[in-house]
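Participant: This structure is in structure tokens; I'll ask about it shortly.
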Amino acid sequence: MSDTLQTASLEADFDRVIERHDRIEPRDWMPEKYRATLVRQVAQHAHSEIIGMQPEGNWITRAPSLRRKAILLAKVQDEAGHGLYLYSACETLGVTRAELTEKLIAGKQKYSSIFNYPTLSYADVGTIGWLVDGAAICNQVPLCRTSYGPYGRAMNRICKEESFHQRQGFELLLTMMSGTDAQRAMVQESVDRFWWPALMMFGPPDVESPNTAQSMAWRIKRDTNDDLRQKFVDMSVPQAQALGVTLPDAELRWNEERGHYDFTQPDWDEFMAVVKGSGPCNAQRIAHRKRALDEGAWVREAATAFARSQREDAS
Ligand code: FAQ
């Protein structure tokens, strides 16, 4: 068979797997652009989990009680674990974790815009759990059915843990909301700051999203950015009412005809600026990641030397 005929037949097999809502596995043939799209999305997702440790990690030494410190430590450790599952999934596509980290530090790969905003009070730990993990769950539950096997399986486990994170954030805010006026004001101020960046997490509006159509056709993404954003708003409004906080959007109201809440779009110019590196914490986040990488070099060298000596002893 000629090369062209063989590629056409492999492509037809690939299309049939996608059509059946089945999984593509690492050793299966896949179009180069499918592979590149997955590397881009999964790497960006992994980097988000790792960089996402920083805003909450900022409060570990200043947690208000031993119980809150233990909860926060466990959550931040979970995010590290999520990053590692996702780097492993990405490595099945023929890239190494070291290459991906290098690209992150060089600004050639992205991470979620949300982590370029600062955490200014302990209420932010609760708001990140409630809104940021809440948005992450909305986005990630459908990704459990993504077409690439290792990514979907990583998402199954991550989603279970993210649901727990969301509940702990809500519980922290609920506790603060039943406290003093100052604590309630702290929660409201935090929600006012995080609401708009949380809406941005789903990516640009569908009409401006260059990747959505192809990623949906390949079933890498299972829903569009706008559909997931709407789902998040619909889910968050009753939760805000239960907490007793006001979401900072005067246009937020139930639309009987649509069966959804109407809401104001976030500032997309701000989103673009943050994605391009001009957010409040972009430089700080990457500098911190680079410092951790440099300071950990001796650990990686020692682990590699130990693994090599074990292999030599065994042979
Ligand atoms: N931030 O065409 P689209 C977490 C980029 S949750 C930065 O719509 P796509 C858990 C996008 O890459 C957060 N950049 O792109 C946690 C593209 O640029 P490129 C992580 C963004 O891929 C909680 C361009 O804009 N979750 O970490 C963002 O089809 C608490 C055009 O956009 C995931 O990554 C953004 N928000 O859709 C951890 C979920 N949005 O690459 C710690 C998986 C878009 O062409 C504490 N990812 N861009 O140069 C996805 O579902 C998708 O990649 C989207 C973007 C929906 C994020």
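The values are calculated or read from the model by the stated rules, or taken from the named source; none is laboratory data. On a predicted model such as this, the values are computed, not experimentally measured, just so you know. Here Cβ is always computed from backbone atoms with ideal geometry, including for glycine, and neighbour counts include all displayed protein chains. These accessible areas exclude ligands, DNA and RNA; they are computed on the full protein's heavy atoms, side chains included. Shrake-Rupley method; radii C 1.70, N 1.55, O 1.52, S 1.80 Å.
Participant: Test SER147 against the stated conditions and say whether it is more than 15 Å from ARG285 (Cβ to Cβ), touching a strand residue (DSSP E or B) at 6+ places or on another chain (Cβ under 6 Å) and either within 14 Å of the ligand (Cβ to nearest atom) or of a type in the set (Gly, Ala, Ser) (or both). Step through it out loud before you land on a result.
Facilitator: Values: more than 15 Å from ARG285 (Cβ to Cβ): yes; touching a strand residue (DSSP E or B) at 6+ places or on another chain (Cβ under 6 Å): yes; either within 14 Å of the ligand (Cβ to nearest atom) or of a type in the set (Gly, Ala, Ser) (or both): yes.
The answer is yes for SER147.
Participant: Looking at THR61, is it without any contact (Cβ under 8 Å) to a residue 12 or more places away in the chain and not basic (Lys, Arg)? Please lay out each step first, then the result.
Facilitator: Details: without any contact (Cβ under 8 Å) to a residue 12 or more places away in the chain: yes; not basic (Lys, Arg): yes.
The answer is yes for THR61.
Participant: I'd like the residue in the range 275-297 that is surrounded by 15 or more Cβ atoms within 10 Å (Cβ to Cβ), part of a helix (DSSP H, G or I) and not polar (S, T, N, Q) and, out of all such residues, is nearest to the ligand (Cβ to nearest atom). Spell out how you get there, then give the answer.
Facilitator: Residues of the range 275-297 that are surrounded by 15 or more Cβ atoms within 10 Å (Cβ to Cβ), as a first pass: 275, 279, 281-282, 285-286, 288-289, 293.
Checking which are part of a helix (DSSP H, G or I) leaves us with 275, 282, 285-286, 288-289, 293.
Now restrict to residues that are not polar (S, T, N, Q): 275, 285-286, 288-289, 293.
Numbers: VAL275: 5, ARG285: 12, ILE286: 13, HIS288: 14, ARG289: 14, LEU293: 18 Å.
In this case the residue turns out to be VAL275.
Participant: Suppose we filter SER209, SER236 for residues that are surrounded by fewer than 20 Cβ atoms within 10 Å (Cβ to Cβ), of a type in the set (Ser, Thr, Tyr) and modelled with pLDDT of 95 or more; which single one remains? Full working, then the answer.
Facilitator: Working: SER236 fails: surrounded by fewer than 20 Cβ atoms within 10 Å (Cβ to Cβ).
Step by step, each of SER209, SER236 is checked, and only SER209 is surrounded by fewer than 20 Cβ atoms within 10 Å (Cβ to Cβ), of a type in the set (Ser, Thr, Tyr) and modelled with pLDDT of 95 or more.
Participant: A further question on this structure: Any idea how many residues of the range 187-204 are open to solvent by 10 Å² or more (accessible area, probe 1.4 Å) and either under 20 Å from HIS21 (Cα atoms) or more than 9 Å from the ligand (Cβ to nearest atom) (or both)?
Facilitator: The qualifying residues number 5.
Participant: Can you run down the residue pairs with Cβ atoms below 7 Å, 6 or more apart or on separate chains, where the first is in the range 5-22 and surrounded by 12 or more Cβ atoms within 10 Å (Cβ to Cβ) and the partner is among the hydrophobic types (A, V, I, L, M, F, W, C) and at pLDDT below 95?
Facilitator: Partner pairs satisfying both residue conditions: none exist.
Participant: Provide a single number: the residues in the range 78-110 that are over 21 Å from GLU25 (Cβ atoms) and open to solvent by 50 Å² or more (accessible area, probe 1.4 Å). Break it down stepwise before answering.
Facilitator: Pass one, the range 78-110, residues over 21 Å from GLU25 (Cβ atoms): 78-83, 98-99, 101-110.
Next cut, open to solvent by 50 Å² or more (accessible area, probe 1.4 Å) only: 98-99, 102-103, 106-108, 110.
So the count comes out to 8.
Participant: Mind counting the residues in the range 174-193 that are touching a Ser or Thr at 6+ places or on another chain (Cβ under 7 Å) and aliphatic (A, V, I, L, M)?
Facilitator: 2
Participant: Let me ask something else about it. In the range 100-117, how many residues are within 15 Å of the ligand (Cβ to nearest atom) and within 17 Å of the chain's Cα centre (by Cα)?
Facilitator: Step one: filter the range 100-117 for residues within 15 Å of the ligand (Cβ to nearest atom), giving 100, 103-104, 106-117.
From what is left, the residues that are within 17 Å of the chain's Cα centre (by Cα) are 100, 104, 109-117.
So the answer is 11.
Participant: I'd like to check something: does the range 53-71 contain any residue that is over 24 Å from MET176 (Cα atoms) and either within 15 Å of the ligand (Cβ to nearest atom) or open to solvent by 60 Å² or more (accessible area, probe 1.4 Å) (or both)?
Facilitator: First pass over the range 53-71, keeping only residues over 24 Å from MET176 (Cα atoms): none.
Looking through the range 53-71, none of the residues is over 24 Å from MET176 (Cα atoms) and either within 15 Å of the ligand (Cβ to nearest atom) or open to solvent by 60 Å² or more (accessible area, probe 1.4 Å) (or both).
Participant: Check the range 25-47 and report whether any residue there is among the charged types (D, E, K, R), more than 8 Å from the ligand (Cβ to nearest atom) and open to solvent by less than 60 Å² (accessible area, probe 1.4 Å). I'd like the intermediate steps shown before the answer.
Facilitator: Within the range 25-47, the first condition is being among the charged types (D, E, K, R), and the residues that meet it are 25, 27-28, 32-33, 35, 40.
Imposing the further condition that a residue be more than 8 Å from the ligand (Cβ to nearest atom) reduces the set to 25, 27-28, 32-33, 35.
Restricting the remaining residues to those that are open to solvent by less than 60 Å² (accessible area, probe 1.4 Å) gives 25.
For the range 25-47, residues among the charged types (D, E, K, R), more than 8 Å from the ligand (Cβ to nearest atom) and open to solvent by less than 60 Å² (accessible area, probe 1.4 Å): present.
Participant: I'm told LYS75 meets every condition in (1) within 13 Å of the ligand (Cβ to nearest atom); (2) touching a residue at least 24 places away in the same chain (Cβ under 8 Å); (3) open to solvent by 50 Å² or more (accessible area, probe 1.4 Å); (4) farther than 22 Å from ALA283 by Cα except one. Can you identify the failing condition by its number?
Facilitator: (3)
Participant: Name the residue, out of ARG153, ARG184, ARG97, that is more than 10 Å from the ligand (Cβ to nearest atom) and under 27 Å from HIS21 (Cβ atoms). Give the derivation first.
Facilitator: Details: ARG184 fails: under 27 Å from HIS21 (Cβ atoms); ARG97 fails: under 27 Å from HIS21 (Cβ atoms).
Answer to the selection: ARG153.
Participant: Taking the range 112-124 on its own, how many of its residues are part of a helix (DSSP H, G or I), open to solvent by less than 20 Å² (accessible area, probe 1.4 Å) and within 23 Å of GLU270 (Cα to Cα)? First the steps, then the outcome.
Facilitator: Pass one, the range 112-124, residues part of a helix (DSSP H, G or I): 113-116, 123-124.
Next, from what is left, pick out any that are open to solvent by less than 20 Å² (accessible area, probe 1.4 Å): 113-114, 116, 123-124.
Now restrict to residues that are within 23 Å of GLU270 (Cα to Cα): 113-114, 116, 124.
Residues in the range 112-124 being part of a helix (DSSP H, G or I), open to solvent by less than 20 Å² (accessible area, probe 1.4 Å) and within 23 Å of GLU270 (Cα to Cα): 4 in total.
Participant: A further question on this structure: Show the residue pairs meeting these rules: Cβ distance below 8 Å; 6+ apart or different chains; first residue within the range 176-191 and closer than 17 Å to LEU247 by Cα; second residue open to solvent by 50 Å² or more (accessible area, probe 1.4 Å) and not small (Gly, Ala, Ser).
Facilitator: MET176/GLN183; MET176/ARG184; MET176/MET186; MET177/GLN183; MET177/ARG184; GLN188/THR246; SER190/LEU120; VAL191/THR246
Participant: Still on this model: Looking at the range 226-244, is at least one residue within 12 Å of the ligand (Cβ to nearest atom) and touching a Ser or Thr at 6+ places or on another chain (Cβ under 9 Å)? Give the derivation first.
Facilitator: Here is the first cut: in the range 226-244, the residues within 12 Å of the ligand (Cβ to nearest atom) are 226-229, 232.
This time we only want the ones that are touching a Ser or Thr at 6+ places or on another chain (Cβ under 9 Å), so: 226.
Within the range 226-244 (the criterion being within 12 Å of the ligand (Cβ to nearest atom) and touching a Ser or Thr at 6+ places or on another chain (Cβ under 9 Å)), the answer is yes, since at least one residue qualifies.
Participant: Only one of these is open to solvent by 60 Å² or more (accessible area, probe 1.4 Å) and of a type outside the set (Val, Ile, Thr): ARG222, ARG253. Name it. Don't jump to the end; show me each part of the working.
Facilitator: Values: ARG222 fails: open to solvent by 60 Å² or more (accessible area, probe 1.4 Å).
Testing whether each residue is open to solvent by 60 Å² or more (accessible area, probe 1.4 Å) and of a type outside the set (Val, Ile, Thr) leaves just ARG253.
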